[in-house]
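S.K.: Just passing along the structure, written as structure tokens.
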């Protein structure tokens with residue numbers, strides 16, 4: 001059975017009806033992981049060079065987010081059925097964007113040599129994931145999830161928020177622009193023959 005059919009909302013609910021946003025619970029783990037898996041397939045269409053962990057690691061990854069004090073997950077329900085989720089987190093005061101691995105090590109060495117390279121900044125919020133079911137895409141659902149996430153971030157001391165979105169996702173790019181988000185960095189790619 002195609003993944004989009006497996007992810008479909010309960011029969012008869014359609015996309016019309018009452019939408020609620022609430023904090024996620026471990027009871028939401030299965031549909032969240034299923035939607036994460038579906039989004040990974042889409043991400044591979046956008047970027048075939050991405051590598052994803054095994055399904056077991058997705059479950060462990062999403063489950064671990066519930067234990068983090070700096071992270072909050074919100075779930076959207078439409079007509080009582082799971083319809084999407086957002087994961088946001090607070091990144092404490094420090095230097096610039098979230099960096100990992102060799103880039104982080106290089107930057108630390110560089111900062112020691114040139115303390116003016118990176119300015120200190122206040123705590124900020126980061127949108128790790130915002131996924132909605134295929135049948136409710138291009139509806140206000142993503143907007144409502146985003147607003148809930150930003151509200152939580154603001155309540156927990158964030159003075160700004162950032163996140164990465166696919167340039168090909170024109171709907172979400174336009175929504176982010178309408179909410180006042182501005183591009184700060186552009187990742188470009190070219191295949192070498």
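S.K.: Just to verify a result, which residue in region 124-151, among those that are crowded, with 16+ Cβ neighbours inside 10 Å and out of contact with any helix residue (DSSP H, G or I) (no Cβ under 9 Å at 6 or more places or on another chain), is modelled with the lowest pLDDT?
M.R.: Looking at the filtered set, the residue picked out is 139.
S.K.: In this structure, is residue 172 surrounded by 10 or more Cβ atoms within 10 Å (Cβ to Cβ), part of a loop (DSSP other than H, G, I, E, B) and either touching a residue at least 40 places away in the same chain (Cβ under 8 Å) or in contact with a helix residue (DSSP H, G or I) (Cβ under 7 Å, 6 or more places away or on another chain) (or both)?
M.R.: Judged against the criteria, residue 172 is not a match.
S.K.: A further question follows. Which of the residues belonging to region 148-169 are in a helix (DSSP H, G or I) and in contact (Cβ under 8 Å) with a residue 40 or more places away in the chain?
M.R.: Residues satisfying the conditions are 148, 149, 150, 152, 153.
The values are calculated or read from the model by the stated rules, or taken from the named source; none is laboratory data. Just so it is clear, the structure is predicted and the values come from calculations on it, not from any experiment. Neighbour counts run over all protein chains shown; Cβ positions are idealised from the backbone, glycine included.
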